[in-house]
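A.B. asks: Quick one: structure below, then a few questions.
Every number in this text was worked out from the coordinates using simple rules, so none of it is lab data. Here the structure is a predicted model, which means the values were calculated and not measured.
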Amino acid sequence: MKSPQQHPEPPTPVITRRDFFGLAWKGLGILAAVEVLGMIISFIFSGKNKNSAPPKQLLEAGPVDSFAKNSVCAFMGGRFYLARQQDGGFIALSLRCTHLGCSINWEENKKRFICPCHSSAFDISGEVLNPPASRALDYYPVLIEKGVVKVDIGTLKERKTTGKDQFTYA
Ligand code: FES
């Protein structure tokens with residue numbers, strides 16, 4: 001009777017130091033590629049939010065009826081003057097002069113804003129009355145919700161001159 005044939009044991013795979021480092025480098029290369037891909041994807045998707053409106057930072061100024069027509073109320077914490085025009089429209093004017101940025105003051109007796117630095121003057125709508133300032137005061141958007149005046153102090157808007165679309169009506 002024939003004895004069963006003996007197969008030789010397969011050789012144990014031997015990993016040389018060179019193979020080990022080769023594998024390690026490949027692994028690191030794959031990790032780096034995944035990280036770069038993640039950065040590219042996050043960059044692409046972060047660009048999608050650029051066109052969406054920035055979040056509002058609303059400051060409640062008070063009920064519409066608490067502001068008389070042709071009057072100005074200072075909100076120094078919000079860094080603006082809430083000016084109600086003769087026709088009832090609201091505008092929240094930045095208190096920074098558009099010349100070099102000094103803080104303007106409201107002169108009630110003359111119904112105008114005056115800058116203490118170089119005497120620029122602005123009317124109640126923020127329009128320039130007297131240079132050296134060459135453009136109207138910047139303003140914050142005003143919203144009126146359920147009879148309450150709110151100012152978006154997170155969105156400062158620059159302008160050259162005043163326009164009807166810059167005022168908010170109840
Ligand atoms: S900073 Fe206001 S007039 Fe110059």
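A.B. asks: In Å, what is the Rg of the alpha-carbon atoms in region 51-134, and how long is Dmax?
C.D. replies: Over region 51-134's Cα set, Rg and Dmax evaluate to 13.6, 44 Å.
A.B. asks: Further, regarding this structure: Could you pull out the pairs from Lys110/Lys160; Lys56/Lys111; Lys111/Lys146 whose alpha carbons sit more than 27 Å apart here?
C.D. replies: Lys56/Lys111; Lys111/Lys146, as the Cα separations exceed 27 Å there.
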